[in-house]
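Just below is one structure, and these are the notes that go with it.
The values are calculated or read from the model by the stated rules, or taken from the named source; none is laboratory data. Just so it is clear, the model here is predicted, and its values are computed rather than measured. Every residue, glycine among them, receives a Cβ derived from its backbone with ideal geometry; neighbour counts consider all protein chains shown.
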Amino acid sequence: MASPPQPEEPQDTMALYALGALDAEESKSITERLQAGDEASAGELQQAENLIALMGHLAPAVSPPASLKDRLMVRIQNELPPPPSPSAIRAGLDLESLDWVPSDWPGVNVHWLRQDEATGSGAVYFHIQPGYSAPSHRHIGAEDCLVMQGGFRDRRGEYHPGDLVYYEPGSVHEDFQALDGEPCVLFVVYQQGGIEVI
């Protein structure tokens with residue numbers, strides 16, 4: 001028994017289906033026919049997809065407007081999260097009230113939280129005068145350094161409040177300089193021996 005004739009569809013229906021532009025009911029009807037193995041519908045869909053693919057090649061090349069890059073950069077900038085807040089980093093800690101002790105390096109004071117001679121690890125705050133340049137040194141073990149206030153630069157980059165910097169064991173730290181402005185305060189956790197001046 002032959003299937004009843006289907007009502008004729010407008011010629012552009014399959015193209016609209018290929019583009020995903022049909023309403024839910026029309027799209028469902030075509031999807032059901034394709035899933036049922038309707039070869040005529042499958043052929044029409046293939047032709048529509050081929051035609052759509054060719055249309056992209058027929059359109060003339062158009063340069064984007066000159067203002068597009070500027071608009072895009074403004075949009076990206078507006079979507080970036082705000083920089084970390086130094087006051088949020090210092091919550092519950094008054095840096096000025098710490099007992100700062102002069103270090104072996106003039107211009108650098110320290111406040112020890114923990115120092116374990118057996119493992120060579122420790123946690124310490126550094127208070128570094130603006131513009132101070134540290135001697136080149138090697139990190140014997142790993143070191144994590146959180147900028148609490150001010151900032152510094154070295155050969156790898158420039159760091160500000162909220163930046164966390166990791167130095168691998170054996171890495172050489174050269175060209176350290178505290179930024180101008182307020183003193184640089186760092187919270188440093190190191191493992192297996194700290195540093196050696198080179």
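Quick one: is P65 modelled with pLDDT under 75 and surrounded by fewer than 10 Cβ atoms within 10 Å (Cβ to Cβ)?
Here the answer is no, as P65 does not meet what is asked.
State whether one or more residues within segment 18-32 are more than 30 Å from W112 (Cα to Cα) and modelled with pLDDT under 80. Walk me through it before giving the result.
Of the residues in segment 18-32, the ones more than 30 Å from W112 (Cα to Cα) are 18-32.
From the residues that got through so far, the ones that are modelled with pLDDT under 80 too are none.
No, segment 18-32 contains no residue that is more than 30 Å from W112 (Cα to Cα) and modelled with pLDDT under 80.
Does A118 meet the test of being in a loop (DSSP other than H, G, I, E, B), over 31 Å from the mean Cα position of the chain (by Cα), modelled with pLDDT under 85 and not charged (D, E, K, R)?
Values: in a loop (DSSP other than H, G, I, E, B): yes; over 31 Å from the mean Cα position of the chain (by Cα): yes; modelled with pLDDT under 85: yes; not charged (D, E, K, R): yes.
Here the answer is yes, as A118 does meet what is asked.
Tell me the residue from V165, V110, V124, V189 that is touching a strand residue (DSSP E or B) at 6+ places or on another chain (Cβ under 9 Å) and surrounded by fewer than 16 Cβ atoms within 10 Å (Cβ to Cβ), please.
Numbers: V165 fails: surrounded by fewer than 16 Cβ atoms within 10 Å (Cβ to Cβ); V110 fails: surrounded by fewer than 16 Cβ atoms within 10 Å (Cβ to Cβ); V124 fails: surrounded by fewer than 16 Cβ atoms within 10 Å (Cβ to Cβ).
Exactly one residue qualifies, and that residue is V189.
Just one of (1) in contact with an Asp or Glu (Cβ under 9 Å, 6 or more places away or on another chain); (2) surrounded by fewer than 10 Cβ atoms within 10 Å (Cβ to Cβ) trips up I30, so point out which.
So the condition that I30 fails would be (2).
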